[in-house]
Structures are given as C-alpha cells and as structure tokens.
Amino acid sequence: MPIQALQSPVQGLQLPIQALQSPVQGLQLPIQGLQLPIQGF
C-alpha cells in the first residue's frame, strides 16, 4: 500500500514532463531547418 501511494504522484510528475518534451522537439525542427542553409554557405 505505501509503495502504491508513492507511485501515483510519480506518475503525476511524468505527465507534465512528457508535455514539456513535445514543445522541445517542436523547437528542434526549425533549428535544424536553419542549420541547413548555413551549411550551404
């Protein structure tokens, strides 16, 4: 029982972490898009 009581808040923390990771991946795409023209020069 105590272990399960600890697991639920941990899962509650994992959800916002995943929500933060998705915008970070969204930022990486334009950054890669900017690096390509720079390498072309």
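Each value in this text was obtained by applying a stated rule to the coordinates, not by laboratory testing. For clarity, every value in this text was computed on a predicted model and none was experimentally measured.
Here are the numbers:
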item: Helix axis angle, 2-40 relative to the chain longest principal axis, alpha carbon, degrees; result: 0
item: Extension gain (nm, one decimal) between S8 and L27, 0.36 nm per residue minus Cα-Cα; result: 3.8 nm
